[in-house]
Amino acid sequence: MFVQRATRTVVAPLARLIFQPVVEGRDHIPRSGPVILAANHLSFLDSVVIPLVAPRPVAFLAKQEYFRQPGLKGRLWRTCLTGLDAVPVARDGHRTAQAALEAALEVLARGGAFGIHPEGSRSRDGRIYRGRTGVAWLALTSGAPVVPVGLVGTDRIQPVGARLPRPGRIIVRFGAPLRFAATPGSPSGRLRRTVTDEIMARIGELSGQEPADAYNALSAGS
């Protein structure tokens with residue numbers, strides 16, 4: 001908790017100075033209880049900016065390798081990720097996707113906020129891609145509300161492949177919570193698809209992106 005408070009105290013003002021974020025709809029995020037923040041994905045910065053502007057800690061998944069880097073750089077990464085409540089997860093093996101969902105479910109079971117990018121990978125062309133159904137599985141299994149999030153400008157500040165961010169302005173729009181009826185057992189594939197499409201449509205409205213009627217080529221799947 002000390003590391004989390006220190007990170008938000010130090011990093012958040014610096015981020016506001018550099019990125020000049022315009023934040024809309026923060027009141028849509030419940031101040032307590034489980035909630036899923038589902039956002040579009042344009043830049044590495046996305047999962048850093050959201051926890052810094054949200055009114056409560058938001059956990060995102062982070063590659064386990066980020067927590068294992070050696071030296072001073074590695075320690076700084078671990079401190080920053082821990083401060084942002086990041087959850088380490090392995091990115092190899094056939095159970096990777098399910099393990100990630102189970103880790104997210106644990107966060108929600110503790111009454112926490114969990115952030116997810118349903119597209120899976122960053123958009124290379126600025127369009128919003130079809131969402132993978134893990135977000136629906138989480139919502140239906142946990143019963144947690146889903147707050148759609150539209151990010152604008154993160155791709156200009158740190159484009160894919162850029163090592164360091166550049167000054168600029170970011171817009172973060174939090175939408176009204178979406179609630180879906182929890183289902184006993186594993187939700188059906190058709191229901192997961194319907195729920196995911198509804199979430200992605202709302203995210204697209206907030207971000208203003210052109211929809212791509214396809215999965216992101218770098219993270220194809222359902």
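Scanning the range 44-58 for residues that are modelled with pLDDT of 90 or more and among the small types (Gly, Ala, Ser) returns a single hit, 54. All conditions but one from (1) touching a Gly at 6+ places or on another chain (Cβ under 9 Å); (2) buried (at least 16 other Cβ atoms within 10 Å of the Cβ) apply to residue 176; the one that does not is (2). Scanning the range 155-173 for residues that are open to solvent by less than 30 Å² (accessible area, probe 1.4 Å), over 22 Å from residue 27 (Cβ atoms) and not in a loop (DSSP other than H, G, I, E, B) yields one hit, 157. Considering only residues of the range 179-202 that are closer than 18 Å to residue 120 by Cα and basic (Lys, Arg), which is surrounded by the fewest Cβ atoms within 10 Å (Cβ to Cβ)? Within the range 179-202, the match that is surrounded by the fewest Cβ atoms within 10 Å (Cβ to Cβ) is 193.
Here is a yes/no grid of residues against (1) of a type outside the set (Lys, Arg); (2) under 14 Å from the mean Cα position of the chain (by Cα):
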position: 107; (1), (2): yes, yes
position: 120; (1), (2): yes, yes
position: 125; (1), (2): yes, no
position: 133; (1), (2): yes, no
position: 138; (1), (2): yes, yes
position: 143; (1), (2): yes, no
position: 146; (1), (2): yes, yes
position: 156; (1), (2): no, no
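Of the residues that make up the range 97-111, is at least one modelled with pLDDT under 80 and surrounded by 13 or more Cβ atoms within 10 Å (Cβ to Cβ)?
Here is the first cut: in the range 97-111, the ones modelled with pLDDT under 80 are 97-99.
Now drop any that are not surrounded by 13 or more Cβ atoms within 10 Å (Cβ to Cβ), which leaves 97, 99.
Yes, the range 97-111 contains a residue that is modelled with pLDDT under 80 and surrounded by 13 or more Cβ atoms within 10 Å (Cβ to Cβ).
The values are calculated or read from the model by the stated rules, or taken from the named source; none is laboratory data. Predicted model only: the values in this text are computed from it and were never measured. Note: ideal-geometry Cβ built from the backbone for every residue, glycine included; neighbour counts use all protein chains shown. Accessible surface areas use protein heavy atoms only, side chains included; no ligands, DNA or RNA. Shrake-Rupley method; radii C 1.70, N 1.55, O 1.52, S 1.80 Å.
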